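Visitor: Structure provided below as structure tokens; questions to follow.
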């Protein structure tokens, strides 16, 4: 067990561990809310700054740069700083970006500063995933961890929609995220020990040489990373642009559309809490393939049937099907890697994969600007098909590893 918690008794250690896991869940609510609420705010950003869909999409492009920065720095920084300091640094970077955005500077500044928001979110994401993956029964805990991301992602649109419904300024949403971020920062400072997630057991050899260099030579890592790029990009594109799709293309009421997006993230959360248990009976390969089929079915329902509540069901189904894919993938990678490389590898895969949260929505926004918002649903179908191809390649590698 990679987790070591200083304490005089087993009971104290158990309590401390539970508090640390609870804080990890809370931090995932924060990053889920911060990412999930962006889609509801896009029309307000466009109106406030007088910009088009292609221009507002630059926030996603600069967010991609933040994720890329985190991808290549998470492993070395975790090795040097330890999990506690690394997580606190990630929260501070996120807070710096959120505070700047809340002050409504010129849009050029907002777009560039999104790099900090993306980098901070990616660091928190990578740090907590590698920490939880080091605990006993990681697959179960990872699914719960990502379920709390889903809870945050369904709360994000609800919070943003409620603020807008009361005719309050869009930037007040970031004051909510700042408050939650400060609580997370205090929690990491108080509840996580310097040794949290950092020590190794006698059977866990320390990496020889440069861990990042070793990781970059592994085909498994690159296929998994690009699979997660398209997974995260598909998830966030659907979550962030569906609100504009419903309100501007389908002309649905704004408050109702906001709650439909909340339903999408609710489906994601329920999927992570329920479908993961089927993996033991169906197997990971079959579960992921069924989930990808479910995503396409949900998107087709939204695209083909314009009825209001049918679209709501399609969003719920797509979110439900997307749910268990990410944590299941991380659990598979964790099992296949040597312990000495696990933390750095998971940090790299998650941070690089998180680029999808910025890159693919940016492409979706430019498609919407050039050809119309109707392109969102066929675009998601294409990205899901690419996910399936990458998953089959990843599954082939896992079969070879187990032989």
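Visitor: Given the criterion modelled with pLDDT of 80 or more, over 28 Å from residue 123 (Cβ atoms) and part of a helix (DSSP H, G or I), identify the matching residue among 394, 388. Can you show your working first?
Guide: Details: 394 fails: over 28 Å from residue 123 (Cβ atoms).
On inspection, the qualifying residue turns out to be 388.
Visitor: Exactly one condition in (1) more than 21 Å from the chain's Cα centre (by Cα); (2) surrounded by fewer than 24 Cβ atoms within 10 Å (Cβ to Cβ); (3) part of a helix (DSSP H, G or I) is not met by residue 257; state its number.
Guide: With respect to (1) more than 21 Å from the chain's Cα centre (by Cα); (2) surrounded by fewer than 24 Cβ atoms within 10 Å (Cβ to Cβ); (3) part of a helix (DSSP H, G or I), residue 257 is out only on (2).
Visitor: Would you say residue 71 is modelled with pLDDT under 85 and buried (at least 20 other Cβ atoms within 10 Å of the Cβ)?
Guide: yes
Visitor: So, one more: Within the group 306, 324, which residue is surrounded by 21 or more Cβ atoms within 10 Å (Cβ to Cβ) and either in contact with a helix residue (DSSP H, G or I) (Cβ under 9 Å, 6 or more places away or on another chain) or over 20 Å from residue 391 (Cα atoms) (or both)?
Guide: 324
Visitor: Based on what the data block shows, is residue 229 under 21 Å from the mean Cα position of the chain (by Cα), assigned to a helix (DSSP H, G or I), surrounded by fewer than 24 Cβ atoms within 10 Å (Cβ to Cβ) and in contact (Cβ under 8 Å) with a residue 24 or more places away in the chain? Talk me through it step by step, then tell me what you get.
Guide: Values: under 21 Å from the mean Cα position of the chain (by Cα): yes; assigned to a helix (DSSP H, G or I): yes; surrounded by fewer than 24 Cβ atoms within 10 Å (Cβ to Cβ): no; in contact (Cβ under 8 Å) with a residue 24 or more places away in the chain: yes.
Here the answer is no, as residue 229 does not meet what is asked.
Visitor: In the stretch 76-125, which residue that is free of Cβ contacts under 8 Å to residues at least 60 places away in the same chain and not in a helix (DSSP H, G or I) is surrounded by the fewest Cβ atoms within 10 Å (Cβ to Cβ)?
Guide: Taking the candidates together, the pick is 106.
Visitor: Kindly establish whether residue 347 is in a helix (DSSP H, G or I), out of contact with any strand residue (DSSP E or B) (no Cβ under 9 Å at 6 or more places or on another chain) and either modelled with pLDDT of 80 or more or surrounded by fewer than 24 Cβ atoms within 10 Å (Cβ to Cβ) (or both).
Guide: no
Visitor: Given the criteria free of Cβ contacts under 8 Å to residues at least 60 places away in the same chain, part of a helix (DSSP H, G or I), in contact with a helix residue (DSSP H, G or I) (Cβ under 7 Å, 6 or more places away or on another chain) and more than 16 Å from residue 307 (Cα to Cα), does residue 267 qualify?
Guide: So residue 267 passes the test.
The values are calculated or read from the model by the stated rules, or taken from the named source; none is laboratory data. The structure presented is a predicted model; accordingly, all values stated were derived computationally and were not measured. For neighbour counting, all protein chains shown are included, and Cβ atoms are generated from backbone atoms with ideal geometry for every residue, glycine included.
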